[in-house]
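What follows draws every value from the coordinates through simple rules; no lab data is involved. This structure is a prediction, so every number in the text was calculated from the model and none was measured. Note that each Cβ is placed from the backbone with ideal geometry, even for glycine, and that neighbours are counted across all protein chains shown.
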Amino acid sequence: MNTHPARAGEDADDLDVEEALALVNDNRRTAGRSPGTGHGDERHRNATDWSDARAAAELAGRRTGRRGPVQVPLAEALGLTLAAPLTALTDLPSFDTSAMDGWAVSGPGPWDVREQGVLAGHTAHAPLTDGEAVRIATGARIPPDTTAVLRTEHGRLDDKGRLHVAVPQEQNTISHGQDIRPRGQECRDGDHLLPAGAVVTPAVIGLAAAAGYDTLATVPRPRADVLVLGDELLSEGLPREGLIRDALGPMLPGWLRALGAEVTSIRRVPDDEDALHEAITASGAEVLVTTGGTASGPVDHVHPTLRRIGAELLVDGVRVRPGHPMLLARITENQHLVGLPGNPLAAVSGLLTLAEPLLRTLAARPAPEPYALPLRDGVQGHPDHTRLIPVALRDDHAMPLLYNGPAMLRGVAAADALAVVPPGGARPGQEAAMLDLPWAAGGIGVCFT
């Protein structure tokens, strides 16, 4: 976003932060002056552009002080980010090993075969003499003075127990070092294997184990508390007597964990300002996520409570549908609140707009590579707001899904991504940016427009 080079003596990241936040504020002022927002509430007239809101959330994470690195066992490191480069603690392999089951041979054949074979995990055997061979297993240590390994399928034993090359084209072509993994082939002790900031995948865990690690220095997951607001919510059973089932309480923990957070609590909070104040001020999490209460109705207590505790509103409404009443506030230097709308799909929109870039940055995860796909069908747009539409990805196209209203989850439950539709809509075949979901739902029972 920074279009100017950093001036001498300035930190380029800090310059990006200040310029980006200035742009967000400028866009708010512009939005407040522009006609056609269709809403009398000042907050909605001054809503932030969708892309600027995501940038503000990412920058908020960059400006937040993080907890120091933590050492975690390999089994607990999946999905975390390396806080330090992964450096080999040993040569890999740490000794010459057989790449195949077969025979370790010395010199040209035929060879006399030793009785006792060489197995993986056993100590080194005596050196081979010229014209001698020994059975060897994959991964076993190569005896000294071995010329090569002859694969099992390439050798045969004669009536006297002597080993010959069984494949005619392999006769007299055994090359020195054939099918031997030499010590240090993959890396040497001290080699840098992965940089700090790499995400720990199953393959990274395997590499770390092979390189001698029992624990890894990682960036701790940002802790998140979930506050589910509303007197009208049921935690079980069917809707009744004006009460509805709470979909967000069960759904949000999985989303937040997939976005990199450690969910430390999920709490139901009644429609009471004092109860909300107590819940927010009692939290020690880096990120609080609230559901509902972000508008200006008689029981919408999020804004009054944020004013009461002196929080700074970084994003107060976003020009996006669904989910425009979402907000982001800085409570303290190291604590933020993401206010999600109460409607389920609107809350998903808020997660991917504000929570994802904030949590990703706090967890030091790399930003996903942006990409776009053509839409199979046209999508009606909002005159002034970006729309986020659940889509299924099929054959290099994105297919918009039905049931994409702000209170609906049926569409996103079958989606692979959300398409970012600009104001005014998109025609069939037009490319739209994609926001990947942390998982890909199956295509069974999907309804397309």
Specify the residue with the greatest mean-square fluctuation among P110, P374, P366, computed from a Gaussian network of the chain linking alpha-carbon atoms under 10 Å apart. P110
Global form of segment 201-264, assessed from the alpha-carbon gyration tensor, a/c cut-off 1.5: prolate
Between R245 and I309, the FRET efficiency computed from the C-beta separation at R0 = 35 Å comes out, to the nearest 0.05, as 0.70
With a/c under 1.5 counting as rounded, go ahead and sort segment 253-349 into rounded, prolate or oblate using the C-alpha gyration tensor (a ≥ b ≥ c being the square roots of the eigenvalues; past the cut-off, prolate if a/b is larger than b/c, else oblate). rounded
Can you run phi through the Karplus equation (6.51, -1.76, 1.60; θ = phi - 60°) for segment 201-213 and list ³J(HN,Hα) in whole Hz, with x for Gly and Pro? 9, x, 5, 5, 4, x, 4, 4, 4, 4, 7, x, 8
Expected sort for 91-97, 348-354, 226-232 on mean C-beta neighbours within 10 Å, highest first, is 348-354, 226-232, 91-97
With no solvent and one point on each alpha carbon, what is the Debye value of log10 I(q)/I(0) for the chain at q = 0.09, 0.10 Å⁻¹? -0.71, -0.80
Between G237, G249, G61, where does the largest GNM mean-square fluctuation fall for the chain, given springs only between Cα atoms within less than 10 Å? G237
Could you order the peptides 123-130, 338-345 from most to least packed, using the average number of other C-beta atoms within 10 Å per residue? 338-345, 123-130
Residue with peak Gaussian network fluctuation, the chain [Cα springs, cutoff 10 Å], from A247, A166, A275: A166
With the convex hull built on the Cα atoms of segment 372-436, state its orientation-averaged projected area in nm². 3.8
Evaluate E = 1/(1 + (r/R0)^6) for Q430 and L119, where r is the Cβ-Cβ distance and R0 equals 45 Å; express this FRET efficiency to the nearest 0.05. 0.10
Checked segment 97-181 with the C-alpha gyration tensor, a ≥ b ≥ c its square-rooted eigenvalues, rounded below a/c of 1.5, otherwise prolate if a/b is larger than b/c and oblate if not; verdict prolate
Counting other C-beta atoms within 10 Å, and keeping those with at most 11, which DSSP coil GluC sites (Glu not before Pro) do you find in segment 267-344? E333
Return the FRET efficiency for the residue pair D396, L157: r is the Cβ-Cβ distance, R0 is 51 Å, and the value is rounded to the nearest 0.05. 0.40
Give me the number: length gained by fully extending A209 to F95, i.e. 0.36 nm times residue separation minus the C-alpha to C-alpha distance, one decimal in nm. 39.4 nm
Rounded to the nearest 500 deg cm²/dmol, what is the calculated helix-only ellipticity per residue at 222 nm for the chain, with -39500 (n - 2.57) per DSSP H run of length n ≥ 4? -6000 deg cm²/dmol
Between D189 and L78, what length in nm is gained on full extension when 0.36 nm per residue of separation is reduced by their alpha carbon distance? 37.6 nm
From the Cα centre of segment 199-226 to that of segment 266-290, the distance in Å is 31
Let me see the pair-distance distribution of segment 113-159: every alpha carbon pair, 5 Å bin width, integer percents in order. 5, 20, 34, 28, 11, 3, 0
Considering only the chain, what is the antiparallel percent among its DSSP beta bridges, to the nearest 5? 65
